[in-house]
Each structure stands twice: as structure tokens, then as C-alpha cells.
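Report on the following structure.
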Amino acid sequence: MESIITLTGNVAYPITLDPGVWIFDDRKVDLNTYFEETRDSVDELEEYTKAVSKHWDQEIKEGARMPEERKVSKKEALLNGTFGIPFYPFLQNAEPRADARKVIFSTVEGEIELTLEEASNAVIGFSRNGKPLAGDGPATLYYGDGSNKDNPFKNIKRIIVE
């Protein structure tokens, strides 16, 4: 149970987070490149719809293709990658109440206090070089702008919305 993180406090739905399963989540990001990339705000549903439509059109025109090469590289990336996941979807699912103003990330060393906006842009690290974060885990906290990418807050144990 020490790898479980609770998100509680001034929210409609307290939730439990398990960083051990995020490796299978399509929302994960590569922390080696994430903070160097430029990102525009995109509508995820629209992007998904476009991708599915493009794939469907391709299969109709050309027929299905076996993704053998992609599987190998994807497996290699999972086995050796350093990953994080944006915090926003979890915060959104917990539904902070209207009077909520800040998010506190509780660690072994103390607490990190962020505004709701700062927390919405934060990234939670969960894997380094293909392995779960043993000594620094179960999760680490990165600011959304990457200003602490070389020195993230370690040992996130609990998240409280106030």
C-alpha cells in the first residue's frame, strides 16, 4: 500500500492513485523530452477523432498493416523510458469544489503548496529508466514549466486540495 497516493480534501470525489499502473496509460509523457517540447492547448477529443478517422481512412484505402516495427520500439521505450503523467486529468476527475484554492503535495520531507492553476499544469513522475521510483517514490512532482526538471520534489505520499 505504500505505492498508493490519495487525492482528498475539498473535492467532490476523493480518489486513489496507483502510479504502478500508469505505465499502461496513454496519457504518459517522456520526461526526457516533455519540457523541451512546445505544446499548444489542444482539444483531446478532437485530436482523438482526427487520429481515428485518419486510421480508418487508411485501412479502407490500403488495408490493415501489421505494426511489427512499432511494437518493438514501443516495448523498448517502455523498458528503458523515464515517464510522468500530467496531473490535470486526476484533479479534474476529483472535481475540486468552487471554493478550492490550492493543492498540497505531502512528501516525506514536507509539503509543497501550489495554486489550482499551478497544480493543473504539474506533471507526476512515476518511472525512471524503465523502473518504478523505488527510493524517490512512489511519485515525484514536476512544475508544469519544467523549472525543477533536474530536481523534482520526491516521495509524494498524499495530495490534499484546500
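Worth pointing out:
- Unmet requirement for LYS131, which otherwise passes all of (1) in contact with a strand residue (DSSP E or B) (Cβ under 7 Å, 6 or more places away or on another chain); (2) within 18 Å of PRO19 (Cβ to Cβ); (3) basic (Lys, Arg): (1)
- Restricting the range 1-18 to residues that are among the hydrophobic types (A, V, I, L, M, F, W, C) and touching a strand residue (DSSP E or B) at 6+ places or on another chain (Cβ under 7 Å), the residue that is farthest from ARG101 (Cα to Cα): ILE4
Here's the yes/no breakdown for (1) closer than 13 Å to ILE159 by Cα; (2) under 12 Å from the mean Cα position of the chain (by Cα); (3) at pLDDT below 95:
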site: ALA77; (1), (2), (3): no, no, yes
site: ASN80; (1), (2), (3): no, no, yes
site: LEU91; (1), (2), (3): yes, yes, no
site: GLU95; (1), (2), (3): no, no, no
site: ASP99; (1), (2), (3): no, no, no
site: LYS102; (1), (2), (3): yes, no, no
site: PHE105; (1), (2), (3): yes, no, no
site: GLU111; (1), (2), (3): yes, no, no
site: GLU118; (1), (2), (3): no, no, no
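- Single residue of the range 55-75 satisfying the filter (at pLDDT 75 or above and surrounded by 10 or more Cβ atoms within 10 Å (Cβ to Cβ)) that is nearest to the chain's Cα centre (by Cα): HIS55
- Among residues of the range 1-20 that are open to solvent by 50 Å² or more (accessible area, probe 1.4 Å), those with a Cβ under 6 angstrom from a residue that is hydrophobic (A, V, I, L, M, F, W, C), sequence gap 6+ or separate chain, pair up as TYR13/ALA94; THR16/ILE4; ASP18/ILE4.
- Scanning the range 129-148 for residues that are at pLDDT below 90 and open to solvent by 70 Å² or more (accessible area, probe 1.4 Å) turns up ASN129, LYS131, PRO132, ALA134.
- Pairs are defined by a Cβ separation below 6 Å, a sequence spacing of at least 6 or placement on different chains, a first member in the range 117-136 that is small (Gly, Ala, Ser), and a second member that is open to solvent by 30 Å² or more (accessible area, probe 1.4 Å); the pairs so defined are SER120/TYR88; GLY130/LEU79; GLY130/ASN80.
The values are calculated or read from the model by the stated rules, or taken from the named source; none is laboratory data. All values derive from a computational prediction rather than experimental measurement. Because the Cβ atoms are built from the backbone with ideal geometry, glycine has one as well, and the counts that use them run over all protein chains shown. Keep in mind that these areas ignore ligands, DNA and RNA; they rest on the heavy atoms of the full protein, side chains included. Shrake-Rupley method; radii C 1.70, N 1.55, O 1.52, S 1.80 Å.
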